[in-house]
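Below: the structure, in C-alpha cells.
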Amino acid sequence: MPQWGPKWMRFAFAFPVGCLIIQSGMQWLHVRLEWFYGLETFSPAWVAMMLVVPFVAGIAVGVIYGFGGKYLAHFPPLAVLGYAYYESMTHPLPQGVELLPWQLFGFVTILQMELSAFGGVVGELIIRRRIGWDPERKPRWADSEPLPEDDEEERPAE
C-alpha cells in the first residue's frame, strides 16, 4: 500500500494538525508553559500539557506523515511554543505572572519536542503494523516446511 500522497502534501497536512493539537491542548487545559506564577503553576493540567499533549500530537503527525514522521514531529511544539513565548514577550502579562527565562523555557521546549518525537515513533509503528516494513513488496510468508530436528518424534524407531 503506497503512501497517500507526496511528501510535501503529507507535510502540509501533518504539521498543522500537530500544531493544532498542541494549541488546542494549551487552550483546553488553560496552561501557558511560558508563564510562571509560583507553585500553582505545577498542576495536573500542567503535567498533562508537558507529557500527554505532545505525545498525542506526535502520534497524529507520525500516522499522517507516515515513514519519517518521527523527524517531522519535532517541529509542531517548537512552532507553537516559540510563537507563544514571543507573544508573551511582546504583550503585557497578567498581574502576578512572570515570564520564564528563555534558557529554562528552552529546556521545556526541548522536552516537548522529544516527547512529540516519541509519539511520532509510535505513530510510525502504527503505520508499520498496518502496511508492513516495506510497503513496496508483498509480504513473504514464513516457510511452513518443518526442520529436520522437528521430525524426531514422528520418525520410526531404528
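Side notes on the structure shown:
- Residue count for the range 62-121, restricted to those that are assigned to a helix (DSSP H, G or I) and out of contact with any Cys (no Cβ under 7 Å at 6 or more places or on another chain): 41
- Residue within the range 37-60 that is touching a strand residue (DSSP E or B) at 6+ places or on another chain (Cβ under 8 Å) and either without any contact (Cβ under 8 Å) to a residue 24 or more places away in the chain or not hydrophobic (A, V, I, L, M, F, W, C) (or both) present: yes
Here is a yes/no grid of residues against (1) part of a helix (DSSP H, G or I); (2) buried (at least 16 other Cβ atoms within 10 Å of the Cβ); (3) on the phi < 0 side of the Ramachandran plot; (4) hydrophobic (A, V, I, L, M, F, W, C):
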{"residue": "4", "(1), (2), (3), (4)": "no, no, yes, yes"}
{"residue": "9", "(1), (2), (3), (4)": "yes, no, yes, yes"}
{"residue": "12", "(1), (2), (3), (4)": "yes, no, yes, yes"}
{"residue": "18", "(1), (2), (3), (4)": "yes, yes, yes, no"}
{"residue": "21", "(1), (2), (3), (4)": "yes, yes, yes, yes"}
{"residue": "25", "(1), (2), (3), (4)": "yes, yes, yes, no"}
{"residue": "31", "(1), (2), (3), (4)": "no, yes, yes, yes"}
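- Selection status of residue 96, farther than 16 Å from residue 21 by Cβ and surrounded by fewer than 21 Cβ atoms within 10 Å (Cβ to Cβ): yes
- Check on residue 62, among the small types (Gly, Ala, Ser), modelled with pLDDT of 95 or more and touching a Leu at 6+ places or on another chain (Cβ under 9 Å): no
- Residue 127 being crowded, with 17+ Cβ neighbours inside 10 Å, at pLDDT below 90 and not small (Gly, Ala, Ser): yes
The values are calculated or read from the model by the stated rules, or taken from the named source; none is laboratory data. Predicted, not measured: the structure shown is a model, and the values here were computed from it. Every residue, glycine among them, receives a Cβ derived from its backbone with ideal geometry; neighbour counts consider all protein chains shown.
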